[in-house]
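Read the structure below first, then the notes.
The values are calculated or read from the model by the stated rules, or taken from the named source; none is laboratory data. Just so it is clear, the model here is predicted, and its values are computed rather than measured. Note that we place each Cβ from the backbone using ideal geometry, even for glycine, and neighbour counts take in every protein chain shown. Remember, those area values only see protein heavy atoms, side chains included, never the ligands or the DNA or RNA. Shrake-Rupley method; radii C 1.70, N 1.55, O 1.52, S 1.80 Å.
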Amino acid sequence: MRYLALGDSYTVGEGAGERASFADQIEEGRRSTVNGQRKPVDRRPSTVDRIATTGWTTGELLVAIRAAQPQGPYDLVSLCIGVNNQYRGLPIEEYRREFIELLELAIGFADGNPHRVVVLSIPDWGVTPFAEGRDRAAIGENIDAFNRAAEAETRRRGAHWVDVTGDSRQHPQDVVEDGLHPSARAYARWARLVTDQLHL
């Protein structure tokens, strides 16, 4: 399986350790299943093509994709982006416009097949220890607005939408030492949500 993962710190797995991001765990979960049966996971180097960096917005990811020029077709493309747009207070309409462009690129990398593309929602960082002293309710409402925009465009194009926001709210303490980014355990749950929906 050729897999292209597009995004920001969540796609990188910031602070969670080697091969701990949801993208790596999706890949490892698929490799550990043969004919529906589980087998021990081997530890080969990751074969995930990844265009992702901590802190990126939709606009910065677009610039990076244009520079990298990944060569499809890919069997799976994941997109998880937008938290830094929200964190920086950038307009939702700007996010929607750039998200549409990213999604259409992702579908193109998947040989034009939207069923090979999965979009993960923006987690709610407002529930984490990092957000102590901030208006957690306002952060959550704003993230919900960003997610509504992304979900509408994702479903309009026939790609998969996976809600990880609910998981982030159910497990606010399941983060790494920075008090912000998800732990390997959290990413494992996200990976399972993706593989269950896509039947990988």
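Just to be sure before I move on: is G133 more than 23 Å from E101 (Cα to Cα), among the small types (G, A, S), at pLDDT 95 or above and open to solvent by 70 Å² or more (accessible area, probe 1.4 Å) in the structure I sent?
Yes, satisfied.
Yes or no: the stretch 167-177 includes at least one residue that is among the hydrophobic types (A, V, I, L, M, F, W, C) and within 16 Å of I100 (Cβ to Cβ).
The answer is no; no qualifying residue exists.
Having 3 or more residues that are among the charged types (D, E, K, R) is the bar; report the helices (runs of 4 or more DSSP H) wholly within the stretch 114-200 that clear it.
136-156, 184-198
For (1) closer than 19 Å to D8 by Cα; (2) open to solvent by 50 Å² or more (accessible area, probe 1.4 Å); (3) in contact with a His (Cβ under 7 Å, 6 or more places away or on another chain), each residue gets a yes or a no:
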position: G89; (1), (2), (3): yes, yes, no
position: R97; (1), (2), (3): yes, yes, no
position: A106; (1), (2), (3): yes, no, no
position: D111; (1), (2), (3): no, yes, no
position: D124; (1), (2), (3): yes, no, no
position: E151; (1), (2), (3): yes, yes, no
position: R157; (1), (2), (3): no, yes, no
position: T165; (1), (2), (3): yes, no, no
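Yes/no matrix, rows are residues, columns are (1) in contact with a strand residue (DSSP E or B) (Cβ under 7 Å, 6 or more places away or on another chain); (2) at pLDDT below 95:
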residue	(1), (2)
G72	no, yes
L76	yes, no
G82	no, no
Y87	no, no
L90	no, no
L103	yes, no
G108	no, no
D111	no, no
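Within the stretch 78-88, can one find any residue that is under 25 Å from H199 (Cα atoms), outside any helix (DSSP H, G or I) and among the aliphatic types (A, V, I, L, M)?
yes
Which condition number does R116 fail, the rest of (1) open to solvent by less than 50 Å² (accessible area, probe 1.4 Å); (2) under 18 Å from the mean Cα position of the chain (by Cα); (3) more than 18 Å from S9 (Cα to Cα); (4) not hydroxyl-bearing (S, T, Y) being met?
(1)
Where in the stretch 1-69 are there helices (runs of 4 or more DSSP H), lying fully within it, with 2 or more residues that are at pLDDT below 95?
By residue number, 22-31.
May I ask you to list pairs of residues, at least six apart or on different chains, whose Cβ atoms are under 6 Å apart, with the first in the stretch 1-20 being farther than 25 Å from D111 by Cα and in contact (Cβ under 8 Å) with a residue 12 or more places away in the chain and the second being aliphatic (A, V, I, L, M) and in a loop (DSSP other than H, G, I, E, B)?
As it stands, the answer is G13/A20; G15/V176; A16/V176, since those pairs meet every condition given.
Just to check your reading of the model, which residue among T54, T128 is hydroxyl-bearing (S, T, Y) and touching an Asp or Glu at 6+ places or on another chain (Cβ under 6 Å)?
T54
Do you know which residues across the stretch 136-148 are closer than 15 Å to L90 by Cα and open to solvent by less than 10 Å² (accessible area, probe 1.4 Å)?
Matches in the stretch 136-148: I143, F146.
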